[in-house]
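In what follows, a structure is listed as structure tokens, so that the remarks can point back to it.
The values are calculated or read from the model by the stated rules, or taken from the named source; none is laboratory data. The structure presented is a predicted model; accordingly, all values stated were derived computationally and were not measured. Cβ sites come from the backbone with ideal geometry, for glycine too, and all protein chains shown count toward neighbours.
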Amino acid sequence: HFFAGTTSRWTDRDTVIEEILKAVAILSQTQTGALIVVERDTGIKDYIESGVPLDALVSSQLLVNIFTPKTPLHDGAVIVSNGRIVRAGCFLPLTDNPNLAEDLGTRHRAGIGITEVSDALTIVVSEETGSVSCALEGKLSRDLDQKGVREILERELLGKRDRKSEVFKVLRWPNERE
């Protein structure tokens with residue numbers, strides 16, 4: 001689903017990843033809370049429909065604008081599908097995992113929750129600290145730098161793997177070798 005049938009340079013996978021990375025860097029630096037969901041193979045139609053339709057090119061400027069505090073869409077999630085921002089202000093299921101750190105708020109719990117019911121990838125920026133986390137398969141990698149976020153996006157969306165990366169230890173299957 002992430003890039004089904006896209007040909008424009010604006011929906012090129014590398015361009016989308018770069019725009020997301022630029023936005024996340026700005027949002028982190030300004031401690032602006034954000035929740036970006038990248039739909040992959042498992043459809044998340046019910047959650048997509050909860051938001052405001054956009055059908056827009058993925059640009060760092062638009063992502064930063066959406067999450068600007070006190071604007072109508074800033075509290076919900078943005079969903080990227082087929083290389084486009086399809087909806088904003090989306091409501092997501094919260095994880096009910098009792099083993100999560102107590103300092104994780106609703107945004108992080110929603111970011112994890114959607115990955116428990118789908119194969120989506122989420123990027124969460126904390127408004128309290130500006131720290132960046134990624135969730136996949138119900139697991140959260142916290143306090144990532146730009147390189148760490150890039151590695152996860154490229155691995156999961158482009159199929160590039162860096163087996164030496166420490167970032168992926170938490171995301172590996174138990175039987176997968178390092």
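Here are the numbers for the structure shown:
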| quantity | calculated |
| --- | --- |
| Among residues of the range 1-50, those that are modelled with pLDDT of 90 or more, more than 21 Å from LEU158 (Cβ to Cβ) and either in a helix (DSSP H, G or I) or not polar (S, T, N, Q) (or both), counted | 7 |
| Options PRO53, PRO69; residue that is over 15 Å from the mean Cα position of the chain (by Cα), in a loop (DSSP other than H, G, I, E, B) and of a type outside the set (Phe, Trp, Tyr) | PRO69 |
| Which numbered condition GLU39 fails, given (1) surrounded by fewer than 22 Cβ atoms within 10 Å (Cβ to Cβ); (2) under 23 Å from VAL132 (Cα atoms); (3) touching a residue at least 60 places away in the same chain (Cβ under 8 Å) | (1) |
| Test result for THR15, surrounded by 15 or more Cβ atoms within 10 Å (Cβ to Cβ), polar (S, T, N, Q) and farther than 19 Å from GLY89 by Cα | yes |
| Hits in the range 75-109 - residues which are within 14 Å of the chain's Cα centre (by Cα) and among the β-branched types (Val, Ile, Thr) | VAL78, ILE79, VAL80, ILE85, VAL86 |
| Among (1) within 11 Å of the chain's Cα centre (by Cα); (2) closer than 18 Å to GLY43 by Cβ; (3) not in a helix (DSSP H, G or I) - the single one ILE123 does not satisfy | (2) |
| Subset of the range 130-167 (residues that are at pLDDT below 95 and more than 14 Å from the chain's Cα centre (by Cα)) | LEU158, GLY159, LYS160, ARG161, ASP162, ARG163, LYS164, SER165, GLU166, VAL167 |
| Residue in the range 109-120 that is closer than 17 Å to GLY33 by Cα, charged (D, E, K, R) and either touching a helix residue (DSSP H, G or I) at 6+ places or on another chain (Cβ under 8 Å) or modelled with pLDDT of 95 or more (or both) present | yes |
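To keep it simple, each residue is scored yes or no on (1) of a type in the set (Lys, Arg); (2) surrounded by fewer than 21 Cβ atoms within 10 Å (Cβ to Cβ); (3) in contact with a helix residue (DSSP H, G or I) (Cβ under 6 Å, 6 or more places away or on another chain).
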position	(1), (2), (3)
ASN82	no, yes, no
ILE85	no, no, no
ASP96	no, yes, no
ASP103	no, yes, no
VAL125	no, no, yes
VAL132	no, no, yes
LEU140	no, no, yes
GLY148	no, yes, yes
